[in-house]
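Readers should treat all values here as calculations from the given coordinates under stated rules, not as data from a laboratory. This is a predicted model, so every value here is computed, not measured. Every residue, glycine among them, receives a Cβ derived from its backbone with ideal geometry; neighbour counts consider all protein chains shown.
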Amino acid sequence: MTFPPQHTLSFDVEEWFQVANHAHACPRESWDGLESRVELAMGRILDLLRRREARATFFFLGWIAERHPDLVRRVIDGGHEVASHGYDHRFLQELDPAALHEDLERTELALAAAGAPRPRGFRASTFTLTRRTWWAFDVLVERGYRYDSSVHPIRHPDYGVPGFEPGISTIETEAGDLVEFPVSTYPLLGRNWPVGGGGYFRLLPGVVHRALFASLERMGRPTATYLHPWEVDPDQPRVEAPLSKRFRHRVGLGSTLAKLEAFLERFPSVTMEELLASRGDLA
Ligand SMILES: [Zn+2]
């Protein structure tokens, strides 16, 4: 592995039925009655990371940490980082500062009860940290978070902050500073393309995806790739949705693990905290 490390891998730890695209068919009240598949999928991911000697950041929903504290412990035992994805996947625009404090506290308590150290990193549900919800940075600093990975510097109908710095940057708030480490994008034709997410990971041929990351590496830009446990679970139940959403959810599910293995072979990954600390960004 090169030093300082240049590549990070992260997972948003949630169930197949907690995806925003499935909200219409799987409302929160139904969650406890649906088939849990997160342990199975996480087992596959943790095995692969152990085999490749890679480390990753796991942004846990508090809801998951409460029901699967053993998963939190397995992540810690594997040498990975535990971070926060909020309690039950609410969009930031559904909350106000007081409600976000409560949501984060509930998640921190669930993580602590499972034996995790206090999380230093946060990722909002569905990249809902936008100009509209910029106040969330103040809340994160007030609660002691050191970095965030919720801003997506792209143009998208539901989220994103087009024109935002796509590399690592500092956000200044009244309460202090916070590091922003956005998911990787690739600059092409005057736009940033969201290549760091699981959708592109599954959609693009592995050789093309790896060429884009090799190019980011040559630009000297630290990378952030993220996936969800359900993306390595082709046998998850099918959910009724418009064809485009169904395609986006299911494309390439059967080959994600093999692709991830090839990716890690070429781009050894560390946790987000580790990469930021190696650059002195968390000092
Ligand atoms: Zn999520």
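Structural remarks
- The ellipsoid equivalent to the alpha-carbon distribution of the range 49-88 has semi-axes of 20, 11, 6 angstrom, derived from the gyration tensor eigenvalues as √(5λ) and listed largest first.
- Adding -39500 (n - 2.57) for every DSSP H run of four residues or longer, then dividing by how many residues the chain holds, sets the calculated 222 nm ellipticity at -10000 deg cm²/dmol.
- FRET efficiency estimate (nearest 0.05) - Cβ-Cβ, Arg118 to Arg155, R0 35 angstrom: 0.50
- Charge context of Trp31, other residues only, Cβ under 14 angstrom, K/R +1, D/E -1: -3
- Kirkwood hydrodynamic radius of the range 220-271, Cα pairs, Å: 12.9
- Viscosity 0.890 mPa s, 25 °C: Kirkwood-radius Stokes-Einstein D of the range 2-130 over Cα pairs, µm²/s: 161
- Put a dot 7 Å past the Cα of Asp96, heading toward its Cβ, do the same for Glu165, and the two dots end up 3.2 nm apart.
- Using a Förster distance of 25 Å, the FRET efficiency for Arg279-Ala23 (Cβ separation, nearest 0.05): 0.10
- Gain on full extension, evaluated as 0.36 nm per residue between Arg246 and Thr173 minus their Cα-Cα distance, stands at 22.4 nm.
- Note on the chain: the alpha carbon radius of gyration divided by the globular reference 2.2 N^0.38 Å gives 0.93.
- Taking the chain as a Gaussian network of alpha-carbon nodes connected by springs under 10 Å, the highest mean-square fluctuation of the residues Arg238, Arg248, Arg218 belongs to Arg218.
- Relative contact order (percent, whole number), the chain, Cα cutoff 8 Å, 6+ residue spacing: 25
- Inter-centroid distance (Cα atoms) of the range 218-283 relative to the range 1-69, Å: 11
- The modelled label-to-label distance for the pair Glu53/Trp193, using points 7 Å beyond Cα in the direction of Cβ, is 3.3 nm.
- When the alpha carbon gyration tensor of the range 113-159 is reduced to an equivalent ellipsoid, its three semi-axes come out at 23, 12, 8 angstrom, largest first.
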